[in-house]
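Some notes on the structure that comes next.
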Amino acid sequence: MAPPAEVLAVRGLSKTFPGVRALDDVDLTLHPGEVHALIGENGAGKSTLIKLLTGVYRPDAGDITFQGRKVSFATPLEAQKAGISTIYQEVNLIPLLSVARNLFLGREPRNRFGMLDVTRMNREAEEVLGTYGVRVDVRQPLRTLGVGAQQMVALARAVATDARIVVMDEPTSSLEPREVETLFSVIRRLRDAGIAVVYVSHRLDELYAMCSTVTVLRDGRRVHHGPLADLDRLALVSTMLGRDLGDVREEGATKFSGDHQAADTRPVLQAEGLTVPHKLHDVSLSIRPGEVVGLGGLLGSGRTETAKAVSGALARSSGRITVAGVPLRGGSTPAAIRAGISLLPEDRKSEGIVPGLSVRENIALAALPRLSRFGLVSEARVDSIVDTFVERLRIKASSPHQKVGELSGGNQQKVLLARWLAMNPKVLLLDEPTRGIDVGAKAEVQKLVDELAADGLGVLLISSDLEELIEGSDRVVVLKDGAVVGELTGDDVTEDKLMRTIAGGGDPAHDAAKEAATDG
């Protein structure tokens, strides 16, 4: 029996932004009733591809054929009217409008005089949302609903627009287990009705439960396409991360300068039972002085959220943190800094550097309160600290007064490191410290991390680079779906064992899950 005709065919799609090849010659096909997994790590090109399909961006090269004709959507609304609906991870509705108005936005029911039929709209909204397990007062503003309920409203709206393709971008990130089951039942209904679903998620259980086909992107290129049943979880993870299973080293990795020797066996940081609704579930870890603990897992596993919860940048609903044996009082960032916790964020441009300020001002920023007396800052003390760290970290700038926005990515990263080291921290949390910097600067930052650990600092290292994570860490705590699923120590810190832990240690439920997805 011949397969059904393609509802979507993408050929040679490419998109370049200044200095970045975001998508490079990508192909994608969708068939009616297909649930298609689109996966890849951060920067792989998933978001760019979705935005090209839905009219947010225009491609530089390539063609998009939708329902047998070539298309080029100028706006997301145009794509939606044609039959491509998107449910984004962040709800993109209007909080101040009522639930019903959001559900019917742009297609409100009218009476015979052309006026908005509010009674009918509210009645139909209650009926539609009831099928999704959402029973609320549809007359209330959308913002009065929880995030999960808002996501279900967005889902109901997307499905109700006579879509032929529904794109779901991390749709379960804000949903409770009951809501996830409702979502899955909706996806099965869409599949059985011949609607194609593009499912973007890093939760492997969800992919194997719901998807029949998978496309893997890496560094803007398509690196795999085919039936998901043909890849077990370990093979899928290795494809995403770009590691050849045949080349994975079974022996323990060589550290930058040998294993870091913890001067004290007592933890400098002890985090227990950290929980953030929809993000972290009972995460515990410890770091000793002079130790580098790696945090492994796929994008979306909870790595960044763990660092932010420890540093007070993300409010936690429960959990306990102690620093050098002293309980951390309060969950704020200032409290964490005072206790000796410093975070180098993943996005240094929006969460770290102040590009319009000088190198000197950026380094001194966090330390200003303790460099002042009676509200007056000691310029001599600022100069002394800045000079010390510019020399120690080998920051390359024309002078300390050069704007930090004019420096290379590697030197910007060093300025951020200098800022937090000037606070004399006990624990340093590094989230992707070498992302976006050149090879030479990367090696310098890695060496510096090694030196900091040798000086007795406790370090938490987050990296999507498996080699960097393994070579730079004494232990690796592995996260999956916001929970700790394993810890590797000593000779077990290898690429093979790390990937197997990320994948879930083999694949015993793979065939059963695929059969369930097929049978619906």
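Listed from fewest to most Cβ neighbours within 10 Å, the set Met115, Met499, Met121 follows the order Met115, Met121, Met499. Rounded to the nearest 10 degrees, the inclination of helix 118-130 to the longest alpha-carbon principal axis of the chain is 70 degrees. Note on the chain: antiparallel DSSP beta bridges, both residues inside, total approximately 55 percent of the bridges counted. For His401 and Ala366, the FRET efficiency from 1/(1 + (r/R0)^6), where r spans their Cβ atoms and R0 equals 22 Å, is about 0.70. Ignoring aspartates and glutamates fewer than eight residues from Lys15 along the same chain, the ones with Cα atoms less than 15 angstrom from its Cα are Asp24, Asp25, Asp27, Asp60, Asp63, Asp219. Extension gain, Ser378 to Asp192: 0.36 nm times the residue separation minus the Cα-Cα distance gives 59.9 nm. Residues in region 489-495 carry Karplus couplings, in order, of 9, x, 5, 7, 7, 10, 4 Hz; the curve used is 6.51 cos²θ - 1.76 cosθ + 1.60 with θ = phi - 60°, and Gly or Pro positions show x.
Quick one: net charge of Leu479's neighbours, Cβ under 14 Å, K/R +1, D/E -1? Every neighbour counted, the sum reads +1. Averaging the sequence gap over all C-alpha pairs within less than 8 Å and six or more residues apart, then dividing by the number of residues, gives region 8-246 a relative contact order of 28 percent. The relative contact order of the chain comes to 16 percent, based on Cα pairs under 8 Å that sit 6 or more residues apart. Candidates (i) 24, 59, 17, 0; (ii) 14, 16, 28, 25, 14, 4, 0; (iii) 20, 49, 28, 3, 0; which is the computed P(r) over Cα pairs in 20 Å bins from 0, in percent? Of the labelled values, this structure produces (iii).
Each residue of region 107-114 was assigned a 3J(HN,Hα) from its phi angle through the Karplus expression (A = 6.51, B = -1.76, C = 1.60, θ = phi - 60°), giving 9, 5, x, 10, 8, 5, 9, x Hz with x at Gly and Pro. Converting phi to 3J(HN,Hα) with the Karplus coefficients 6.51, -1.76 and 1.60 and the offset θ = phi - 60°, region 320-334 yields 9, 10, 10, 10, 6, x, 9, x, 7, 8, x, x, 8, 5, x Hz in sequence order, with x at every glycine or proline. In this rough spin-label picture, where each label sits 7 Å from Cα along the Cβ direction, the Ser408-Ala454 distance is 2.2 nm.
Relative to the longest principal axis of the Cα atoms of the chain, helix 409-421 runs at roughly 60 degrees.
Place +1 on the Cβ of every Lys and Arg and -1 on the Cβ of every Asp and Glu in the chain, take the dipole about the Cα centre, and give the residue among Ser47, Ile187, Gly133 whose Cα lies farthest towards its positive end. Final value for the positive-end residue is Gly133. A cut-off of 5 Å between modelled amide H atoms, ignoring neighbours fewer than 5 places along the same chain, links Ile87 with Val167, Met168, Asp169. Between the helical axis of 379-392 and the longest alpha-carbon principal axis of the chain there is an angle of about 80 degrees.
Relative protection proxy for 487-496, 24-33, from highest mean packing down: 24-33, 487-496 (other beta-carbon atoms within 10 angstrom). For the pair Glu272 and Asp232, a Förster radius of 30 Å applied to the C-beta separation gives a FRET efficiency near 0.35, rounded to the nearest 0.05. In this structure, Asp137 and Ser332 have a Cβ-Cβ separation that, at R0 = 25 Å, corresponds to a calculated FRET efficiency of about 0.10.
Residue order for Phe104, Phe113, Phe184, fewest other beta carbons within 10 angstrom first, comes to Phe113, Phe184, Phe104. Amide H to amide H distances under 5 Å link Leu269 with Ile287, Ala324, where only residues 5 or more positions off or on other chains count and H is placed in the peptide plane. Remark: spin-label model distance Val20-Leu105 equals 2.5 nm, labels positioned 7 Å along the Cα→Cβ axis. Here the label points at Arg58 and Asp282, each 7 Å from Cα along the C-beta direction, are separated by 5.4 nm in the simple model. Packing around the peptides 284-294, 353-363, taken as the average count of other Cβ atoms within 10 Å per residue, puts them in this order, highest first: 284-294, 353-363.
Read-outs: derived from the displayed coordinates by stated rules, not from any lab. This one's a predicted model, so the numbers in the text were calculated from it and none came from an experiment. Glycine also receives a Cβ, built like all others from the backbone with ideal geometry; neighbour counts cover every protein chain displayed.
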